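Have a look at the structure below, then the notes.
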Amino acid sequence: MNMRSNVALSALICAGIIAWLSGFVSRQLVNPVEISQDAVKIEVAETAPAEETASAGAPEESVLAMIETADVARGEKVVKACAACHTFDKGGKNGIGPNLYGIVGSKKQSREGFAYSGKLTTNGGDVWTYKEISAFTTKPKTYAPGTKMTYAGLKKASDRAAVLAYLRTLADAPAPLPTAEEIAAE
C-alpha cells in the first residue's frame, strides 16, 4: 500500500469510530421517558362517521343537473390529473388509459387498440352516459373491480360535473345534456 491509500483508509476508520462514538454518547445523554398520560388533554366532540352524516344530512347535489351550468374551464383543470394516463385530442393515441375524445355517449370498452382490464359493461349498460361516467369517476375500483385505473376518484359532485361538461366539449357533435327524466332518476 502506498501513503495515500494508508491516509484514506485511516480517515475512513476514524470517521467510522467517530460516528459510532457519537451514537453511543448521544444514547447515554438522552434517556427518553415514556409518559403514562397526555400532558395536555384535548376534548373532541363525538361526531358521526362521514357516511352516516352524508346520508342523514342533505342529499348530494345532482351531478347531472349541474352539468349545464358547470365551469368547463374548471373541468379542463381537473382533468390535468388524468393526462398522465389519458389523451384528450381527436385521434389521439391511447396511453396507459384510453383516449377520451368523444367518450360521452360512446360504447364502453370501444377504444381500438386499448386492452381493457375490468368488466365495465356489467354496470349500467354498454354506453358511457353522463350518469355512468359520474359513477365511474367517483370510485373507479368500486364501479369496475379489476380495473387498471389507479386514480382514487373525484369526491366532489361539482368536480365531476365540471369534468363531464369538459368531456362533453370533446366531440365533433357534443352529446345532448341530460333530460329532466335522467336528472330525476339520478
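The values are calculated or read from the model by the stated rules, or taken from the named source; none is laboratory data. Computed from a predicted structure; not experimentally measured. We place every Cβ from the backbone using ideal geometry, glycine too, and count neighbours over all the protein chains shown.
With respect to (1) in contact with an Asp or Glu (Cβ under 6 Å, 6 or more places away or on another chain); (2) at positive phi, the lone exception for residue 102 is condition (1).
Among the residues of segment 34-42, are any modelled with pLDDT under 90, closer than 30 Å to residue 177 by Cα and of a type in the set (Ser, Thr, Tyr)?
Residues of segment 34-42 modelled with pLDDT under 90: 34-42.
Now restrict to residues that are closer than 30 Å to residue 177 by Cα: none.
The answer is no, given that none of the residues of segment 34-42 is modelled with pLDDT under 90, closer than 30 Å to residue 177 by Cα and of a type in the set (Ser, Thr, Tyr).
Residue 176: without any contact (Cβ under 8 Å) to a residue 60 or more places away in the chain and either within 25 Å of residue 92 (Cα to Cα) or touching a His at 6+ places or on another chain (Cβ under 8 Å) (or both), yes or no? Yes.
If you scan segment 170-186, which residues turn out to be surrounded by 12 or more Cβ atoms within 10 Å (Cβ to Cβ) and either among the basic types (Lys, Arg) or more than 12 Å from residue 64 (Cα to Cα) (or both)?
Hits for segment 170-186 are 170, 171, 174, 175.
Looking at (1) at pLDDT 90 or above; (2) not in a helix (DSSP H, G or I), find the lone condition where residue 136 falls short. Looking at each condition in turn, residue 136 falls short on (2). Among residues of segment 92-129 being within 17 Å of residue 63 (Cβ to Cβ) and out of contact with any Lys or Arg (no Cβ under 8 Å at 6 or more places or on another chain), the one that is modelled with the lowest pLDDT is 123.
Scanning segment 149-186 for residues that are within 11 Å of residue 63 (Cα to Cα), in a loop (DSSP other than H, G, I, E, B) and either touching a Leu at 6+ places or on another chain (Cβ under 9 Å) or not assigned by TED's automatic domain parsing to the domain that holds residue 114 (or both) yields 178, 186.
Criterion applied to 54, 48 was being outside the structural domain of residue 155 (by TED's automatic domain parsing), modelled with pLDDT under 90 and assigned to a loop (DSSP other than H, G, I, E, B), and the one residue passing it is 48. Remark: pairs (first residue in segment 150-161, exposed (fewer than 13 other Cβ atoms within 10 Å of the Cβ); second residue polar (S, T, N, Q) and modelled with pLDDT of 90 or more; Cβ separation under 9 Å; 6+ apart in sequence or on different chains) = 155/138. Which numbered condition in (1) in contact with a Leu (Cβ under 9 Å, 6 or more places away or on another chain); (2) among the polar types (S, T, N, Q); (3) in contact (Cβ under 8 Å) with a residue 40 or more places away in the chain is the only one that residue 137 fails? Failed condition: (3). Taking residues in segment 66-78 that are on the phi > 0 side of the Ramachandran plot, and partners anywhere that are surrounded by 19 or more Cβ atoms within 10 Å (Cβ to Cβ) and in a helix (DSSP H, G or I), not one pair has Cβ atoms closer than 7 Å while being at least 6 places apart or on different chains. With respect to the conditions (1) within 23 Å of residue 76 (Cα to Cα); (2) under 20 Å from the mean Cα position of the chain (by Cα); (3) surrounded by 21 or more Cβ atoms within 10 Å (Cβ to Cβ), residue 104 lacks only one, and its number is (2).
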